[in-house]
Structure formats: C-alpha cells, structure tokens
1. Among (1) crowded, with 18+ Cβ neighbours inside 10 Å; (2) more than 9 Å from every other protein chain (Cβ to nearest Cβ); (3) at pLDDT 80 or above, where does B:LEU17 come up short?
2. A:THR201 versus (1) within 14 Å of chain B (Cβ to nearest Cβ); (2) at pLDDT 85 or above: which is the lone unmet condition?
3. I'd like to verify a number: residues in region B:107-124 that are in a helix (DSSP H, G or I), in contact with a Pro (Cβ under 9 Å, 6 or more places away or on another chain) and within 14 Å of A:LEU225 (Cα to Cα), how many?
4. Given the structure, is C:LEU279 part of a strand (DSSP E or B), touching a Gly at 6+ places or on another chain (Cβ under 8 Å) and surrounded by 13 or more Cβ atoms within 10 Å (Cβ to Cβ)?
5. Spot the failing condition for A:SER235; the list is (1) within 20 Å of A:LEU158 (Cα to Cα); (2) within 12 Å of chain B (Cβ to nearest Cβ); (3) small (Gly, Ala, Ser), and only one is missed.
6. When you check C:ALA73 against the structure, is it within 14 Å of chain B (Cβ to nearest Cβ) and among the small types (Gly, Ala, Ser), yes or no?
7. Quick check on region A:14-71: of everything there that is more than 10 Å from chain B (Cβ to nearest Cβ) and of a type in the set (Phe, Trp, Tyr), which residue is nearest to A:PHE219 (Cα to Cα)?
8. Among the residues of region B:169-176, is there at least one that is closer than 21 Å to B:LEU206 by Cα and at the interface with another protein chain (Cβ under 7 Å from one of its Cβ atoms)?
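The values are calculated or read from the model by the stated rules, or taken from the named source; none is laboratory data. Keep in mind that this is a model prediction, so the values were computed, not measured. Heads up, the Cβs are rebuilt from the backbone with ideal geometry, glycines too, and the neighbour counts pull from every protein chain shown.
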Amino acid sequence: MRRPREGSGRRRELMALPMSLYAALFVGVSLLYVIGLSLFTRGDGFAAQPPLTMGNYGRIASPLYLRSLLQSLRLAFWTALLCLGIGYPFAYFMAKSRPRARTWMMMLLIVPFWTNALIRIYGWKILLSASGPVNAALQFLGLVQRPLKLLYTDGAVLVGMVYAMIPFMVLPVYSNVERMDWSMVEASRDLGASPLSAFLTVTVPMTLPGILAGLVLTFIPSIGLFFLSDLLGGSNTMLWGNMVHNELLKSRDLPFAAALSVVLLALTGLVILLYRRAGGKTENMVF
Amino acid sequence: MKKNSRWASLYMALVLLLLYLPILVVVLFSFNANPGRTANFQFEGFSLQWYEDLFDPAAGYGAALSSSLVLAFWSVLLSAVIGTLGAIGLTRRRARKGLLARAGASALSAGEHLAMLPIMIPEIILAIALMALFSAIRLPFGMVTLVLSHVAFCVPYIYITVKGRLATLDPALEEAARDLGASPAKVLWTVTLPLAVPAIVSGCLLAFAMSMDDFVISFFVNGPQTTTLPLKVYSSVKVGVPPHVNALCSVMLAAAFLLVALGQLVSSGSLRRRRRAPVSG
Amino acid sequence: MAERPVLLSLRGLHKSFDTQEALNGLDLDVYQGEFLTLLGPSGCGKTTTLRIIAGLEQPTSGRVLLDGQDITALAPEKRAVNTVFQNYALFPHMNVARNVAYGLRMRGAPKSEISARVDEMLELVQLTGYEKRMPGQLSGGQRQRVAIARSLILSPRLLLLDEPLGALDLQLRRQMQQELKRMQQKLGITFIYITHDQEEAMSMSDRIALMRLGRFVQIDAPRDLYERPQTAFAASFIGETNLISGRAEAVKEGEVLLQVAGFSLPCVSRDWIVPGEALLLCVRAERLHLSHEPVPAPCRVAGEIVESHYAGGERTTVVRLPDGQVLRARHTTEGESEPLPGSRVYCWWHPDSGVLVRDDREETP
C-alpha cells in the first residue's frame with residue numbers, strides 16, 4: 001500500500017511548464033494558424049488575405065484531389081498491411097531467439113535506419129533501374145528478354161514505403177512479444193489448443209497493443225512522405241504529400257496547401273481516435 | 001519456450017537480406033569506376049574517385065554535414081532539458097482538489113498531449129504549420145527556425161523514454177531521500193536525475209538520429225545558408241544520379257554502425273546497472 | 001512504562017483518500033525508548049499511520065506531536081524521524097558507503113565526520129568491508145542492514161520500520177529480529193515497527209497497537225493482548241482461538257454464569273456486561289483440554305469428536321457441541337491415544353483461561 005506524497009507535487013508539476021509552453025506555441029498555435037489560413041483566400045506572393053471562404057475545401061472536393069486522396073489511403077493501407085505481414089513474424093521470431101542473437105538482430109534492424117532515409121531509397125532506385133541489378137539478374141536467368149520497367153511505378157513506391165516503415169512495425173510488436181508471459185501459451189496448449197489456435201487465441205490478442213501501434217505508426221506517415229513518391233514513383237503517382245508539397249512550393253498557394261494539410265490532419269486525428277478507442281496508448285508508440 | 005525452427009531463422013535471414021540489399025548496392029557502387037553521370041548502373045571496375053569527390057570542399061558535403069551536426073547538437077540539447085523536466089514534472093501525478101488546481105492540471109495534460117503530437121502526425125503537417133508560423137512572425141529562415149522545429153519533434157522521444165524509466169522507479173527512493181533530510185531540489189539532483197541518466201542518454205541518441213535524418217521538416221523551414229545533409233542528398237539525387245552519393249552513403253553507414261555500437265555499449269552498461277537495482281514492489 | 005516521558009503523540013488523526021477513510025481517529029502516546037508495534041491485517045492503516053509520522057503523507061485532520069511540538073505540517077526532511085522502508089529503498093546508483101552517508105551529506109557534515117560515522121554504522125550492522133559494493137550485489141539480509149545503517153546515521157529520536165523483515169526468509173528473519181531488538185536496546189532509540197506477523201510482534205515489542213479499519217482495537221503489552229483481549233477481533237487475530245457464544249445469566253460480583261449449549265460456565269466478569277446479553281467467550285486452543293472421563297472442573301462442556309489432525313509434536317482435535325458450535329483443542333501428542341471421530345469427549349479449561357469479549361466481528365467501515 002503506497003501512495004505518492006501530496007504537497008511537494010505541485011511545485012514539481014511546474015517543471016513541465018517549459019514543455020507545455022513550447023508545445024502550445026510551436027505545435028498548438030502553429031496548427032491553429034494553419035487551420036485559420038485554410039479559410040483565407042490566396043494573396044499576392046506567398047500570403048493569405050481576406051475574405052474568409054470555404055472555397056479551398058470546395059476545391060479539394062474535386063476528382064483530381066479525391067483520386068489522390070484515395071490513392072494515398074490505398075497505398076498507406078497496403079503499406080501497413082504488408083508491414084504487418086512481413087514484420088510480425090520477424091518480430092515474433094526475434095523475441096523468441098536467444099538473448100545474444102536478439103541483441104544482434106536488433107542492431108542489424110536499427111542500423112540501416114541510422115543512415116539517411118533518402119540514401120536508402122536511392123539504393124532501391126539503383127536496384128530497380130532498367131540497367132540495375134534486379135533486371136540484370138532476371139535477364140541473366142533468362143526470365144525476361146528486355147528489362148522490365150520497375151522504377152517509377154506504384155509498385156516501386158510501395159516497396160520503398162514498406163522498406164521505410166517496417167521497423168515501426170517490428171519494434172512495437174517485438175517489445176510486446178518479448179514481455180509476453182509464455183506460460184499462457186503453454187496453458188492454452190495444455191487445455192487442448194493446437195499450436196495455431198494457441199497462437200490465434202492467446203498470442204495474437206496478447207500482442208494486439210503492439211500490432212495496433214505498429215499499424216498506426218506505419219499507416220499515418222505513409223500518407224505524408226512526399227519524397228518517396230518523388231524519387232520512386234511515376235509521373236501519375238500523386239500522393240497527398242506531393243499535393244501539399246506542390247501547392248506550397250510550386251503554386252505557392254499557401255491557403256490551399258493549408259487546407260490540404262488540414263484534411264490530412266483530420267484523417268490523422270481519425271486514425272488516432274480509432275487507435276485510442278481500440279485501447280492503444282501513446283507510450284506504445286515509442287521504444 | 002520453444003526455440004525457433006530452421007524455417008524461422010531462414011525467414012529472418014531473408015528479411016534482413018532484403019533490408020540490407022539496397023544498402024549493399026549503394027556501398028558496392030560507391031567503388032564503381034563508371035564515370036557516367038547518367039542513370040547507368042553497371043559496375044565497371046574499382047575506384048575511389050567518388051570518395052575524393054565527396055571530400056572535395058567544393059562539393060559542399062562538408063558544409064552540409066556541419067550544418068546537420070550543429071542543428072542536431074542544439075536540438076538535442078534543448079529537447080533534453082525540456083523533455084527531461086517535463087517527464088520529471090508529469091510522472092506520478094496526483095488527483096487534485098479545488099477548481100484552480102484541477103484547471104492547472106488539465107492544462108498541463110493538454111500540454112503533454114500537444115507535445116506528443118509531432119511524432120504522431122505526418123511530418124508534412126508540422127512542416128507546413130511551422131513554416132507558416134515562422135513567416136507570419138517574420139522570423140528569418142535559417143538555423144534558428146531549424147532548431148526550433150527540430151526541438152518540437154525531438155522532445156517527445158526524450159520525454160517518453162525518460163518518463164518510462166521514471167515510472168518504473170520505486171517511489172520510495174525519493175521518499176527515502178526526503179526522509180534522510182534532502183530538500184525536494186536535492187532529491188532531484190542526487191536521486192531522480194542520476195537514475196534517469198541512462199534513459200536521458202538513450203532518448204538523446206534517438207532524438208539525435210531523428211534530427212540527423214529529418215528531411216521533410218527541414219525542407220520547409222531551412223534557409224539559404226543552412227543546407228543540411230539530408231537536404232543536400234535530396235537535391236543531388238533529385239537532379240541526377242551522382243555516384244558520389246554512394247560514397248556518402250557508405251561513409252554514413254560506417255558512422256551509423258559506429259554510433260550504434262557505442263549506443264549498445266552505453267545501454268548495456270545501463271542495463272547492467274539496472275539489473276543491479278533492487279526490485280521495487 | 002508510565003513514568004517514561006512521552007516522545008510521540010498522535011491526536012485525533014484522520015486520513016481519507018478520495019472518499020475512503022483510511023484512518024478513523026487515532027490517539028496514541030509512544031514513550032521514549034519504547035518498541036511499539038503496529039499490528040493488523042493489510043489495509044488497516046498501519047502504513048498510512050507510519051507515513052504520516054514520517055511526514056510523507058498529510059493527515060486530513062488531527063495532529064502529530066514530537067516532544068510536545070506540533071510537527072504535523074513539517075516537511076519530512078526537517079523531522080528527527082527516520083524510516084526503514086519496506087523494500088529498503090536503497091539508492092541503486094550509490095554504493096553501500098554512499099547510501100549510508102547520504103543523510104549526513106544532506107546535512108552538510110564535514111567529510112571526516114561522515115567517514116567516521118559511516119564506519120561506525122557499518123560496524124553496528126556488521127557490514128564492515130562492504131563499503132564499495134552496490135546494492136544490487138548484496139543479499140536481501142545485507143540490504144536490510146544497509147537500510148538500517150542508513151536510517152540510523154542521523155541518530156533519529158524515532159525510527160519507523162515498515163515491515164523491514166517482510167522480504168526475508170524465515171531463518172534470516174528470526175536472526176534479524178534478535179539483532180534489531182539488540183540494536184534498539186543498545187541505542188535506546190524509540191522504534192515504531194510495522195508487521196503483520198503476530199509472532200514477530202509478540203516477541204519483539206514492548207507494546208502492540210492492534211489496528212483494524214483505521215482504528216486502534218487495543219494497545220497493550222504482548223502478554224496482556226494475548227491473555228486479556230478486549231474484543232473478538234483482538235482475540236482471533238493473535239493465536240488460535242475458540243470463540244464460544246453464549247448468554248450471560250447471573251452476574252455476581254466478579255463472576256458471570258455463561259449458558260452454552262445447556263452447560264453453565266463460570267467466567268470472570270467484565271464491567272460492561274449486562275445480564276441476558278449474548279457474549280463470546282475466548283478460550284485459546286492450547287488452553288482447552290480434552291478428556292474421555294468427566295473431569296471435575298467448573299468450566300466443562302461435552303461434545304463429539306469430529307476430526308483430529310496430527311502435526312508432529314502437536315495435534316488439533318475438533319469437537320462439536322450439542323448446539324452445533326465447534327471447538328478446536330491443541331494438545332501434545334506425547335503418550336496420547338489417538339482420538340476417534342464420533343467418540344464422546346469432555347472439554348475443560350481453567351476459569352482464568354476464559355476471557356469474555358465483545359463481539360466486533362461484523363463491524364465494517
């Protein structure tokens with residue numbers, strides 16, 4: 001029976017003031033400002049001016065943008081799903097390996113992500129190019145006569161996305177599986193469950209927090225990573241992130257770019273809301 | 001617990017191979033003698049020419065690296081202070097009585113949630129928000145705006161790691177220190193902070209990696225004089241396929257391996273220390 | 001005991017967490033040099049009481065006086081009171097010497113004094129030579145000693161110990177009990193000790209304060225608590241007890257006749273007893289004797305053996321009275337003939353071994 005002391009707690013909470021103020025200013029105010037901007041009209045140069053309008057949102061409700069939105073969501077969905085399919089078994093096996101092997105695995109998994117994301121994507125660009133190793137291998141094996149067009153396709157973007165996002169699935173699932181009480185699995189086996197049904201009825205539900213966190217962590221960023229489709233995608237791969245990027249830097253339409261961001265923010269909010277509803281916690285999202 | 005089967009090991013090896021394939025290709029091509037600045041990816045012979053290019057000051061990689069390091073240094077330092085203080089302040093809070101106290105407490109909770117947002121929303125949203133904010137308050141784009149932006153997304157990493165560590169500490173440790181005559185400030189300095197150091201270090205390493213790697217946010221808030229390494233790489237890769245990027249990647253990879261090995265050393269040290277800690281009830 | 005000066009007083013202590021009453025009006029005087037134990041089931045408010053004395057918790061109302069001075073609002077670091085925590089709470093990042101020295105360092109004592117005092121304390125707890133060890137490298141018993149040394153270095157007027165031996169195994173526990181008692185007597189420091197182990201409380205304490213539901217049920221010397229419990233709870237919390245329910249009949253001076261299942265039992269009266277009232281008679285299991293012949297004893301009932309459990313040197317026999325009440329008798333197995341279930345038996349006890357107690361078993365907060 002232990003309870004925290006009162007009294008001294010109040011002054012201690014004040015230590016969180018810098019963090020709260022910083023977040024209020026640079027996250028809270030700036031996001032509110034963007035929401036505000038989205039309701040203005042485009043001004044001269046890189047500015048916004050009255051009158052207030054919902055016109056920016058009206059523009060978004062056009063086939064061009066809706067198609068882009070759909071494409072982004074579809075890509076994010078497949079990215080999250082493929083990350084789960086590839087990452088879950090990996091995390092599961094990693095958690096079941098010997099401690100020494102586990103440390104090595106972890107290191108091998110993390111190190112590539114300490115190098116720049118752009119460079120890793122660049123590696124895929126080499127691999128998938130017409131004269132690159134993949135095509136060379138295919139031709140050498142006689143599987144194809146002429147080089148396949150692998151680069152600058154939606155498939156290439158998906159490969160790049162999954163590649164960029166997979167640690168964000170592996171890490172939360174791993175930390176979940178690692179902390180799991182294996183006697184529960186043994187108990188379910190003891191009660192007559194087959195290995196598969198023990199996995200489905202015990203392991204999966206018990207690692208659900210990790211799976212949920214992994215899905216959110218791979219889904220959300222996939223919508224916004226414009227540089228990936230920039231480098232690997234074709235000219236018709238226009239993801240939401242590219243739209244924002246283009247409006248901002250090419251068309252220099254600040255209010256409209258703001259409106260596009262607000263839509264993305266709302267989507268994100270929805271996903272996080274669903275995640276919370278399903279019992280997810282913020283802490284599960286960092287390791 | 002059953003050991004992994006042969007199939008499991010094979011699967012893991014395959015995934016790791018796929019993970020490293022693009023990197024290996026990049027390293028391999030960094031030694032490629034192919035002189036072409038075109039999108040020609042054929043290996044033609046061994047050469048160190050791209051490394052020479054890379055270290056040529058005119059190429060601008062040195063300047064970009066130093067920008068990135070300065071940026072990461074200040075961002076991590078500031079977020080370490082802000083995040084650690086935040087974690088100490090908000091660990092093990094107590095329900096408040098009274099209207100004003102409760103209002104203050106919920107304001108702090110709101111602040112905590114806001115502070116975590118940068119790592120939960122797509123980077124591009126924060127990027128455009130900060131860009132708009134900075135141009136609205138007429139803050140010139142450059143190192144200052146970069147640091148302010150990076151602190152925003154570095155704080156959550158440090159906050160969450162430190163808070164996680166503090167939450168596992170036996171509350172009796174701080175009480176014991178008070179009981180033995182330490183003022184609240186001394187308790188922080190002699191007990192809480194030293195015990196949080198391993199978590200602060202690993203949070204800082206994480207934040208450092210994130211800052212060094214960040215492209216999206218830097219892309220929108222950088223100034224003409226502050227091209228960071230990721231920005232430099234992007235512009236090089238975007239224009240053509242300059243082979244010295246391969247050399248750069250290999251150098252960064254080597255550095256990353258070194259840093260991670262270092263990090264492992266630190267965290268295994270902290271692990272050992274943690275294992276020695278008495279089990280708290 | 002009464003001539004000793006009072007060191008600590010609790011006056012009308014109340015504590016509520018949210019809506020729950022943890023402490024419900026505590027009054028207590030602790031004398032200088034005394035070894036007082038707070039005993040009670042978990043959740044009875046022992047730890048809360050201790051934490052309020054240490055200053056780690058504020059009472060909702062009431063006062064704490066140390067040497068006659070009100071210290072209720074005083075911060076923990078300003079009280080001449082130290083605590084040995086339940087899980088020791090040794091600082092894991094400091095070695096043994098630095099843990100022990102912590103209090104003096106916080107007080108800003110000179111280096112030479114600190115090292116001399118640390119040596120002295122480590123000698124007291126027999127850990128000389130362990131200065132450089134980290135807490136994680138010590139056994140449970142050694143950690144315990146460091147925790148004690150650390151809290152004694154400031155020479156507190158009062159030492160609070162929260163189940164200090166709870167995590168140790170039985171053998172080590174017995175040894176540490178004796179050592180703690182020896183230390184307490186040698187240093188003359190007042191101890192307030194929490195335990196839920198009644199044997200520990202019995203063997204170490206000068207007085208035991210038995211707690212239940214945030215109240216003191218009885219504060220007495222161990223012997224008085226055992227021999228003269230005031231309530232059914234006090235009687236049953238310590239030792240194995242039979243609570244025989246009956247009705248008070250004739251109340252004469254100093255004596256009550258208790259009607260139990262058709263038997264009339266003379267008992268020592270207590271001043272609160274009213275004739276006709278339903279009462280409980282407390283008879284310890286080991287004070288209840290069995291016999292197959294009708295023994296000429298005034299306190300005697302007859303029943304039927306239900307079952308009997310052999311436990312080495314002792315045996316517990318369960319007897320059912322004609323009205324269905326069940327009694328348990330503990331007796332030595334030396335030279336016995338095994339009691340047969342179903343056979344008729346007489347239970348008897350010395351009139352002084354039966355204590356009439358108030359029935360407080362149904363009480364709730």
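1. Only one criterion is unmet by B:LEU17, namely (1).
2. It fails just one condition, (1).
3. Residues of region B:107-124 in a helix (DSSP H, G or I): B:107-119, B:123-124.
Narrowing further to those that are in contact with a Pro (Cβ under 9 Å, 6 or more places away or on another chain): B:115-119, B:123.
The next check asks that each one be within 14 Å of A:LEU225 (Cα to Cα); those that pass are B:119, B:123.
Number satisfying all stated conditions: 2.
4. On the way: part of a strand (DSSP E or B): yes; touching a Gly at 6+ places or on another chain (Cβ under 8 Å): yes; surrounded by 13 or more Cβ atoms within 10 Å (Cβ to Cβ): yes.
Yes: the conditions hold for C:LEU279.
5. Only one criterion is unmet by A:SER235, namely (2).
6. Working: within 14 Å of chain B (Cβ to nearest Cβ): no; among the small types (Gly, Ala, Ser): yes.
No: the conditions fail for C:ALA73.
7. Per the stated criteria, the residue is A:TYR65.
8. We begin by selecting, within region B:169-176, every residue closer than 21 Å to B:LEU206 by Cα; these are none.
No, because not a single residue in region B:169-176 is closer than 21 Å to B:LEU206 by Cα and at the interface with another protein chain (Cβ under 7 Å from one of its Cβ atoms).
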